[in-house]
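**Q** A single structure is presented below for examination.
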Amino acid sequence: QVQLVESGGGLVQPGGSLRLSCAASGSIFSINTMAWYRQAPGKQREWVATVTSGGTTNYANSVKGRFTISRDNAKNTAYLQMNSLKPEDTAVYYCNANVLRDRYSPPHNSWGQGTQVTVSS
């Protein structure tokens, strides 16, 4: 069993910053990619950013230049630094990890419970 726990969400004014964290624990041999998704009220969940085990990053166009994803492999933790926040960034942010639980099993996708980010004046 793998658990992902997000933290760092909250209420911030437009133009402000927040840093989200996602800590993975449990039966982990290694983690391939870690990613952030978000879901706004009444909308489908959308991909935000991904970081590979080697540190390669990719971003959705809507957050490129404002958000930075990173990870600490020793801590099995991913981060999302969010700057220049806009009201349209308001959503529940979910962490995703592609986890190998041992060297023999196929990778497994795990999700966190989500953390609310609200951008409002």
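The values are calculated or read from the model by the stated rules, or taken from the named source; none is laboratory data. Everything quoted here is computed from the prediction, not taken from an experiment. No Cβ is skipped: glycine too gets one built from the backbone with ideal geometry, and neighbour counts run over all protein chains shown. SASA here: full protein model, heavy atoms, side chains in, ligands and nucleic acids out. Shrake-Rupley method; radii C 1.70, N 1.55, O 1.52, S 1.80 Å.
**Q** State the number of residues belonging to segment 76-109 that are within 19 Å of residue 56 (Cβ to Cβ), open to solvent by 30 Å² or more (accessible area, probe 1.4 Å) and of a type outside the set (Phe, Trp, Tyr). Steps first, answer last, please.
**A** Taking segment 76-109 first, the residues within 19 Å of residue 56 (Cβ to Cβ) are 76-81, 95-100, 107, 109.
This time we only want the ones that are open to solvent by 30 Å² or more (accessible area, probe 1.4 Å), so: 76, 79, 81, 98, 100, 107, 109.
So of that shortlist, the ones also of a type outside the set (Phe, Trp, Tyr) come out as 76, 81, 98, 100, 107, 109.
Going through segment 76-109 one residue at a time, the tally reaches 6.
**Q** Moving on. Count, please, the residues in segment 5-61 that happen to be open to solvent by 70 Å² or more (accessible area, probe 1.4 Å) and of a type in the set (D, E, K, R).
**A** Qualifying residue count for the region: 4.
**Q** Is it the case that segment 72-84 has a residue that's on the phi > 0 side of the Ramachandran plot, modelled with pLDDT of 95 or more and in contact with a Gly (Cβ under 9 Å, 6 or more places away or on another chain)?
**A** Initially, segment 72-84 is screened for residues on the phi > 0 side of the Ramachandran plot, giving 76, 84.
Subset that is modelled with pLDDT of 95 or more: 76, 84.
Keeping just the survivors that are in contact with a Gly (Cβ under 9 Å, 6 or more places away or on another chain) gives 84.
Yes - at least one qualifying residue is present in segment 72-84.
**Q** Give me the pairs, please: first residue somewhere in segment 1-18 and under 30 Å from residue 102 (Cβ atoms) and in contact (Cβ under 8 Å) with a residue 24 or more places away in the chain, second residue anywhere and charged (D, E, K, R) and buried (at least 16 other Cβ atoms within 10 Å of the Cβ), beta-carbon distance under 9 Å, and either six or more positions apart or on two chains.
**A** If the second residue must be charged (D, E, K, R) and buried (at least 16 other Cβ atoms within 10 Å of the Cβ), the pairs left are 1/101; 2/101.
**Q** Further, regarding this structure: Please specify each residue of segment 64-89 satisfying the condition of being part of a loop (DSSP other than H, G, I, E, B) and either free of Cβ contacts under 8 Å to residues at least 24 places away in the same chain or within 21 Å of residue 43 (Cα to Cα) (or both).
**A** The answer is 64, 65, 66, 85, 86.
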